[in-house]
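**Student:** The structure that follows is given in the form of structure tokens.
The values are calculated or read from the model by the stated rules, or taken from the named source; none is laboratory data. Owing to the predicted nature of the structure, the values given are computational and were not obtained by experimental measurement. Here the Cβ positions follow ideal geometry from the backbone for every residue, glycine too, while neighbour counts run over all protein chains shown. Ligands, DNA and RNA are stripped out before the accessible areas are found, and what is left, the full protein with its side chains, is counted by its heavy atoms. Shrake-Rupley method; radii C 1.70, N 1.55, O 1.52, S 1.80 Å.
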Amino acid sequence: MRLKLHHETRYIYDEPARGAIQILRLTPRNHAGQFIRAWRVEIDADCRLYRDEDAYGNIIHTFSIDGPLAGLRILVDGEVDVAADAGMVKGSLERFPAGYWASETALTRPDPAIRDFASDLAGQEGGDPLAFLHRLVGTIFKEFAFETGATDAGTTAEQAFASRKGVCQDFAHVFIAAARARDIPARYVSGYYLRSDTTEQEAGHAWAEAYVPALGWIGFDPAHGLCTDSRYIRIAIGRDYLEAAPIRGARLGGAGEAMDVAISLQAGKSLMDQ
């Protein structure tokens, strides 16, 4: 299936900013189930975008701009052919061994409650790692409420687990923390998800990948209770949200910042289907 994306992020400041610097993780890589046909990232500012890679191999663009800056627009357009692969991620760029992704971070540290939760689910599946991961993704989907505004970018897995609510970022953090509590390498993934009810969205998406030795990396989306498939565009990976955030940066001044995000993601046929 071919997915066509248009993603626009606008920043508006009540008081002009004196300058800004940003890191963009908004460009995907090819792997066995994802082929990038066309992709571009633009900003409506008089500065240069520098393309590079971070430690994990994510494609990044950086820029800095001097003010006064009343606003800023970041535009992404792309077309991607995506295959249904039962969640398995083959042929991805891997800079670190799987064991690296078992390390904790402040956002994904499993507390005793998460450890007990993971142990109980694993026990129900006889300790089988893959069966545990499937039960984990389904349980988070069933027991946690999707509620925007209930959490923020600094909410930890422990806090989200205790409240049983949040957004896709929080569900991914809880999944990762529970998987690592069972010594299963797991990581955060940022990207896009094709919804069935609308082509217009106000935010990107996030999910997790876990490593099973016999199979490799597998994508699990606890916000939808399933493995990733041809509805997903995989952009960046990290140990948590902060390491895979689509946009991170800082500004000087610019009080009263407002941000507006508009995403259009549509499906079409690939050349193989025509």
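**Student:** Suppose we keep only residues that are aliphatic (A, V, I, L, M) and modelled with pLDDT under 95 within the range 136-187. Which one would you say is nearest to Ala98 (Cα to Cα)?
**Tutor:** Ala153
**Student:** Another one. Given the options Leu130, Leu136, Leu194, name the one that is surrounded by 18 or more Cβ atoms within 10 Å (Cβ to Cβ), over 19 Å from Pro112 (Cα atoms) and touching a residue at least 60 places away in the same chain (Cβ under 8 Å). Break it down into steps so the answer makes sense when it comes.
**Tutor:** On the way: Leu130 fails: surrounded by 18 or more Cβ atoms within 10 Å (Cβ to Cβ); Leu136 fails: over 19 Å from Pro112 (Cα atoms).
Leu194 is the lone residue from the list that is surrounded by 18 or more Cβ atoms within 10 Å (Cβ to Cβ), over 19 Å from Pro112 (Cα atoms) and touching a residue at least 60 places away in the same chain (Cβ under 8 Å).
**Student:** Additional query: Can we say Ala223 is open to solvent by less than 40 Å² (accessible area, probe 1.4 Å) and in a loop (DSSP other than H, G, I, E, B)? I'd like the intermediate steps shown before the answer.
**Tutor:** On the way: open to solvent by less than 40 Å² (accessible area, probe 1.4 Å): yes; in a loop (DSSP other than H, G, I, E, B): yes.
Against the criterion (open to solvent by less than 40 Å² (accessible area, probe 1.4 Å) and in a loop (DSSP other than H, G, I, E, B)), Ala223 qualifies.
**Student:** Sticking with this one: Give me the residue from the range 226-253 that is charged (D, E, K, R) and touching a His at 6+ places or on another chain (Cβ under 8 Å) and, out of that set, most open to solvent (accessible area, probe 1.4 Å).
**Tutor:** Arg234
**Student:** Hey, which of the strands (runs of 3 or more DSSP E) in the range 22-107, taking only ones fully inside, have at least 1 residues that are buried (at least 17 other Cβ atoms within 10 Å of the Cβ) and of a type in the set (Asp, Glu)?
**Tutor:** In the range 22-107, 59-82 are the strands (runs of 3 or more DSSP E) which contain 1 or more residues that are buried (at least 17 other Cβ atoms within 10 Å of the Cβ) and of a type in the set (Asp, Glu).
**Student:** Another question, if that's okay. When residues of the range 139-164 are filtered for being crowded, with 16+ Cβ neighbours inside 10 Å and either charged (D, E, K, R) or free of Cβ contacts under 8 Å to residues at least 12 places away in the same chain (or both), how many remain?
**Tutor:** Number of matching residues: 2.
**Student:** Follow-up question, since we're still on this one. Out of the range 216-236, which residues are closer than 26 Å to Thr199 by Cβ and β-branched (Val, Ile, Thr)?
**Tutor:** Across the range 216-236, the qualifying residues are Thr228, Ile233, Ile235.
**Student:** Name the one entry in Ala210, Ala203, Ala178 that is among the aliphatic types (A, V, I, L, M) and either in a loop (DSSP other than H, G, I, E, B) or open to solvent by 40 Å² or more (accessible area, probe 1.4 Å) (or both).
**Tutor:** Ala203
**Student:** For the range 50-69, name all the residues that are touching a Ser or Thr at 6+ places or on another chain (Cβ under 9 Å) and over 13 Å from Gly249 (Cβ atoms). Full working, then the answer.
**Tutor:** Step one: filter the range 50-69 for residues touching a Ser or Thr at 6+ places or on another chain (Cβ under 9 Å), giving 50-52, 57-61.
Listed by number, the residues that qualify are Tyr50, Arg51, Asp52, Gly57, Asn58, Ile59.
**Student:** Glu104 is checked against (1) within 17 Å of Ser190 (Cα to Cα); (2) modelled with pLDDT under 95; (3) not β-branched (Val, Ile, Thr) and fails just one. What number does that condition carry?
**Tutor:** Of the numbered conditions (1) within 17 Å of Ser190 (Cα to Cα); (2) modelled with pLDDT under 95; (3) not β-branched (Val, Ile, Thr), the odd one out for Glu104 is (1).
**Student:** While we're looking at this one, here's another question. Taking the range 108-127 on its own, how many of its residues are crowded, with 18+ Cβ neighbours inside 10 Å and under 15 Å from His173 (Cα atoms)?
**Tutor:** Final tally of qualifying residues: 5.
**Student:** From Ile21, Ile43, Ile65, which residue is among the β-branched types (Val, Ile, Thr), in contact with a strand residue (DSSP E or B) (Cβ under 6 Å, 6 or more places away or on another chain) and within 30 Å of Thr199 (Cα to Cα)?
**Tutor:** Unique residue meeting the criteria: Ile43.
**Student:** Answer yes if at least one residue in the range 83-99 is under 21 Å from Glu158 (Cα atoms) and of a type in the set (A, V, I, L, M, F, W, C), and no otherwise. Please lay out each step first, then the result.
**Tutor:** As a first pass, look at the range 83-99 and keep what is under 21 Å from Glu158 (Cα atoms): none.
The answer is no; no qualifying residue exists.
**Student:** Then there's this: Which is free of Cβ contacts under 8 Å to residues at least 12 places away in the same chain and not basic (Lys, Arg), of Pro16, Pro97, Pro110, Pro28?
**Tutor:** None of the others qualify; the one that does is Pro97.
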